Amino acid sequence: MSKIIAAAAIRGGHEIYGQAATFYEKALQEKGEAAAVGFPDTAYYLPMAHALMGIKIETLGQMKPVLDHARDLLGPAPSDALWFPYLGTALDAGIATLLSEEVIMVLRYLYEQEPQADCNGFFSDTILRTLGIQLVDGRMPGFAAILGAAPDSKTAVRIVREFQKRSIMVFVGSSTGGVSIIDQLLQEKVQMGWDSYIVPYGRDTLSGIYPLNWAIRGALTFGGIKPGNPRACLEYCKNRVFAFGLALGTVDDQKYATGAGAIDMGFPVIADTDIPQILPTGICTYEHVVHELNHENLVPRCIEVRGVKVSVAKIDIPVSFSAAFEGERVRREDTRVEFGGKYSTAFEFVRMREMDEVEDGKIDLIGPDVDTVPEGGALPLAVWVEIAGRAMHTDFEPLIERKIHDFMNYAMGVFHMGQRDIVWLRISKDAYAAGFRLRHLGTIVHAQIHNLYSKIVDKVQVTIITDPQRVEAALADARKTYAQRDERLLGMTDESVDTFYSCSLCQSFAPNHICIISPERLGLCGAVSWLDGKVGYEIDPTGGNQPIKKTQTLDPVKGQWREVNDFVYQSSNRSIEKVSLYSLMEDPMTSCGCFECILALVPECNGFMIVNREFPGMTPCGMKFSTLAGSVGGGNQTPGFLGVGRLYALSRKFISADGGLKRLVWMPKQLKTFYGDRFAVRAREEGVPDLLDRIADESDATTAEELLEFLGRKQHPALDMEALI
Ligand code: SF4
Ligand code: ZN
């Protein structure tokens, strides 16, 4: 490491440690050793200290070892005369810096000084899990943490847009000369938040710990690494988290120190100023510190240095197109025209045709275009897609149709909700001004179907209809097919197919985890159904979805098959010998970490509770979702606890070996609303039509005792069932 950088990093480390120590003394005096400290919504205490040192901090008094360790790593304060910085010292200073910054931040939480205005503050475990699936399926190839400020706000916007175009999540913060990139982006009215892939963490360099103590949790959550293994945790980050830092403007000692911490985690730092470069690769997969003075080249250079694999879809439309715009909303006052919702009829439909019936690339518009509508007005809309391909099958129609939602949302300034005939679409004034017209919807659909499904689809033609009568006529046609599809899906059972599919997408984060996907049990992320698995295999026969033909049934009740067990054993690096598809008490499936819901045993009540990851409150098993989740992931089998997709609860095979739906005793209101009528249908089949009313939610019970009392009052069936343990 360059001596200049090393010296600056060590100076910065001492400075930050000093701040932490002073703040800590003050807090001890004012609040006392027993005062509770912690970040919101995490099961990992002070994550950096927890991962690297294995300690669980819940009170002020327990923080002392962290500061002691930081001080030891730093060594005596430098005196310029007798001190020779070398790589090891600077890197130790990096770790000391991260530990000290984390202490400062958690103390700020104690004093309610965090999160800062317009900032996210600490990144929760929930966010980590929610993003898991986007990371593994390639929608989000990496992360950038920006520190400082661009020369001007327009350049700031240009830089983040370049990242957005490549679907790279950007954390923005810190400042240069008193100006933060956060305020530059606010000034330019850039939409920020998790949905738009731009997340402000805080306006000082110290808050740069947030993206870092978030990244380190990946090792614990998905990697199954035990806390207190610094080397394994840092290695995990280096190998599996594609992140890098971008320093804009002057790099001061604090930034060097924080940068050294990032380098320890394997994240290189790129600067837009003429700082010394550290090129030989060692700790990082690539260079440690690189400068790129030309702002036009900055983003491509970052990506090259970290080796992030980005594929930008080339689509001939007048607005940017990437997953980063998926969550962007178009507000009413920014809307040029809208379709569906409560304003008009709108629907989407994908149908398979014979090869000679489809003309690839043909896009027709039947009816008026957007220009004919007054600003803020509405039009009816049909997006009628016909596809043909030698390997195409009608089963794939609904799957591809559902993807239209993602495709259209990727376009900047286009907002899409729903599917089939409950679609709602908005086109913004900006997109309109850029030249976006209805035929571009067809361009998007055509290009994306080819991009994603080239193995099964050879030809795509799109008809956009806005003529009211033609829309209604086409809709009547589509509805017949929707109904047929529903029937077909309902009739599909695990017994009716001879092949299940695996999904190993999450192995990039959770190396021992494998999902087995059957018609009646979808992947725990909620995003992969049996049909998705089948299509995934057709598209990429050597990819993450492999067919498992089941011929030898070992236990039809628990859901065990010889071939499934063999497959799981091989693909879990020989760590899991058998799984039961229908049980959570015996040999349950493993969990990676990105599960939508957790099922957990409530022993007092002879049943299970289910909680979704969005629910922040306490549950009757004495833990919040985040705490529960901390013990479920990482590719381990944990009988009594299971990560599941939320729709699994509506399946007839829902933990059927353990008693099924009637075992459910508690769920948050949100989930009750989500399940609604569909739950009632299943409850009737189970012979308890009012089951949902007999299941408690957070307003009825938040402890096991309250829950038991509630269930007794409601005569919940679980109380009379065979004992679970
Ligand atoms: Fe990950 Fe399982 Fe979802 Fe595949 S199905 S993406 S392995 S959680
Ligand atoms: Zn996962």
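The values are calculated or read from the model by the stated rules, or taken from the named source; none is laboratory data. This is a predicted model, so every value here is computed, not measured. Cβ atoms come from the backbone with ideal geometry, glycine included; neighbour counts cover every protein chain shown. The accessibility values were calculated without ligands, DNA or RNA, using every heavy atom of the protein model including side chains. Shrake-Rupley method; radii C 1.70, N 1.55, O 1.52, S 1.80 Å.
Just one of the listed residues (538, 577) is part of a loop (DSSP other than H, G, I, E, B), out of contact with any strand residue (DSSP E or B) (no Cβ under 8 Å at 6 or more places or on another chain) and more than 16 Å from ligand 2 (Cβ to nearest atom), namely 577.
Among residues of the range 205-241 being within 16 Å of ligand 1 (Cβ to nearest atom) and out of contact with any strand residue (DSSP E or B) (no Cβ under 9 Å at 6 or more places or on another chain), the one that is nearest to residue 44 (Cα to Cα) is 221. Elements of the type strands (runs of 3 or more DSSP E) sitting completely within the range 329-404 and holding at least 2 residues that are in contact with a strand residue (DSSP E or B) (Cβ under 7 Å, 6 or more places away or on another chain) and under 29 Å from residue 451 (Cα atoms): these cover 335-340, 346-352, 363-366, 381-388. Screening the range 701-718 for residues that are more than 37 Å from the chain's Cα centre (by Cα) and in contact (Cβ under 8 Å) with a residue 12 or more places away in the chain and picking the one that is most open to solvent (accessible area, probe 1.4 Å) gives 715.
Exactly one residue among 121, 142 is modelled with pLDDT of 95 or more and among the small types (Gly, Ala, Ser), and that residue is 121.
Scan the range 546-574 for residues that are open to solvent by less than 30 Å² (accessible area, probe 1.4 Å), modelled with pLDDT of 95 or more and in a loop (DSSP other than H, G, I, E, B) and jot them down. Of everything in the range 546-574, just one residue is open to solvent by less than 30 Å² (accessible area, probe 1.4 Å), modelled with pLDDT of 95 or more and in a loop (DSSP other than H, G, I, E, B), namely 559.
Quick check on residue 316: is it open to solvent by 20 Å² or more (accessible area, probe 1.4 Å) and either among the aliphatic types (A, V, I, L, M) or in the same structural domain as residue 157 (by TED's automatic domain parsing) (or both)?
Judged against the criteria, residue 316 is not a match.
For the range 516-528, the candidate set comprises residues that are among the small types (Gly, Ala, Ser) and surrounded by 22 or more Cβ atoms within 10 Å (Cβ to Cβ); within that set, the residue that is nearest to ligand 1 (Cβ to nearest atom) is 523. Looking across the range 236-276, the residues that are hydroxyl-bearing (Ser, Thr, Tyr) and assigned to a loop (DSSP other than H, G, I, E, B) come down to 250, 273. Is the range 173-190 home to any residue that is away from ligand 2 (no atom under 16 Å from the Cβ) and either under 28 Å from residue 545 (Cα atoms) or under 18 Å from the mean Cα position of the chain (by Cα) (or both)? The answer is no; no qualifying residue exists.
Would you confirm whether or not the range 242-261 contains a residue that is over 25 Å from residue 57 (Cβ atoms), in contact (Cβ under 8 Å) with a residue 24 or more places away in the chain and within 16 Å of ligand 1 (Cβ to nearest atom)?
Within the range 242-261 (the criterion being over 25 Å from residue 57 (Cβ atoms), in contact (Cβ under 8 Å) with a residue 24 or more places away in the chain and within 16 Å of ligand 1 (Cβ to nearest atom)), the answer is no, since none of the residues qualifies.
Selection over the range 515-535 of residues that are in contact with a strand residue (DSSP E or B) (Cβ under 6 Å, 6 or more places away or on another chain) and within 11 Å of ligand 2 (Cβ to nearest atom) gives a count of 4.
Quick check on the range 84-107. Is at least one of its residues assigned to a loop (DSSP other than H, G, I, E, B), modelled with pLDDT under 85, in the same structural domain as residue 47 (by TED's automatic domain parsing) and within 16 Å of ligand 2 (Cβ to nearest atom)?
Looking through the range 84-107, none of the residues is assigned to a loop (DSSP other than H, G, I, E, B), modelled with pLDDT under 85, in the same structural domain as residue 47 (by TED's automatic domain parsing) and within 16 Å of ligand 2 (Cβ to nearest atom).
Taking first residues from the range 125-137 that are among the basic types (Lys, Arg) and partners that are within 11 Å of ligand 2 (Cβ to nearest atom), the Cβ contacts under 6 Å between residues at least 6 apart in sequence or on separate chains come to 129/593; 129/594.
When 114, 188 are checked against the criterion of being in contact with a Ser or Thr (Cβ under 9 Å, 6 or more places away or on another chain), touching a residue at least 24 places away in the same chain (Cβ under 8 Å) and either surrounded by fewer than 18 Cβ atoms within 10 Å (Cβ to Cβ) or in the same structural domain as residue 406 (by TED's automatic domain parsing) (or both), a single residue qualifies: 188. One residue stands out in the range 132-170 among those that are within 16 Å of ligand 2 (Cβ to nearest atom) and open to solvent by less than 10 Å² (accessible area, probe 1.4 Å): the one that is nearest to residue 293 (Cα to Cα), namely 140. Any residue at all in the range 610-617 that is among the charged types (D, E, K, R), open to solvent by 10 Å² or more (accessible area, probe 1.4 Å), within 16 Å of ligand 2 (Cβ to nearest atom) and farther than 21 Å from residue 502 by Cα? The answer is yes; a qualifying residue exists. Residues in the range 460-512 that are out of contact with any helix residue (DSSP H, G or I) (no Cβ under 6 Å at 6 or more places or on another chain), surrounded by fewer than 18 Cβ atoms within 10 Å (Cβ to Cβ) and of a type in the set (D, E, K, R): 467, 470, 472, 477, 479, 480, 486, 487, 488, 495, 498. Please work out if residue 379 is open to solvent by 60 Å² or more (accessible area, probe 1.4 Å), in contact with a helix residue (DSSP H, G or I) (Cβ under 8 Å, 6 or more places away or on another chain) and in contact (Cβ under 8 Å) with a residue 24 or more places away in the chain. Judged against the criteria, residue 379 is not a match. Among the residues of the range 127-153, just one is over 19 Å from residue 102 (Cβ atoms), away from ligand 1 (no atom under 16 Å from the Cβ) and assigned to a helix (DSSP H, G or I), namely 153.
Taking the condition out of contact with any Asp or Glu (no Cβ under 6 Å at 6 or more places or on another chain), closer than 20 Å to residue 20 by Cβ and either among the β-branched types (Val, Ile, Thr) or in a helix (DSSP H, G or I) (or both), does residue 218 pass? The answer is no for residue 218. Each residue in the range 416-453 was checked for being among the charged types (D, E, K, R) and within 15 Å of residue 385 (Cα to Cα), and 3 pass.
Just to check your reading of the model, which residue among 287, 296 is at pLDDT below 80 and either within 25 Å of the chain's Cα centre (by Cα) or in the same structural domain as residue 135 (by TED's automatic domain parsing) (or both)?
287
Does residue 457 fit the bill of being open to solvent by less than 10 Å² (accessible area, probe 1.4 Å), in a helix (DSSP H, G or I) and either outside the structural domain of residue 366 (by TED's automatic domain parsing) or at pLDDT 90 or above (or both)? Here the answer is no, as residue 457 does not meet what is asked. Examine the range 548-566 for a residue that is within 15 Å of ligand 1 (Cβ to nearest atom) and either of a type in the set (Phe, Trp, Tyr) or in the same structural domain as residue 597 (by TED's automatic domain parsing) (or both), and state whether such a residue exists. Checked against the condition, which is being within 15 Å of ligand 1 (Cβ to nearest atom) and either of a type in the set (Phe, Trp, Tyr) or in the same structural domain as residue 597 (by TED's automatic domain parsing) (or both), the range 548-566 yields at least one hit.
Matching residues to (1) surrounded by 17 or more Cβ atoms within 10 Å (Cβ to Cβ); (2) closer than 19 Å to residue 517 by Cα; (3) not aliphatic (A, V, I, L, M):
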position: 628; (1), (2), (3): yes, no, no
position: 634; (1), (2), (3): yes, yes, yes
position: 641; (1), (2), (3): yes, yes, yes
position: 654; (1), (2), (3): yes, yes, yes
position: 659; (1), (2), (3): yes, no, yes
position: 663; (1), (2), (3): yes, no, yes
position: 667; (1), (2), (3): yes, no, no
position: 671; (1), (2), (3): yes, no, no
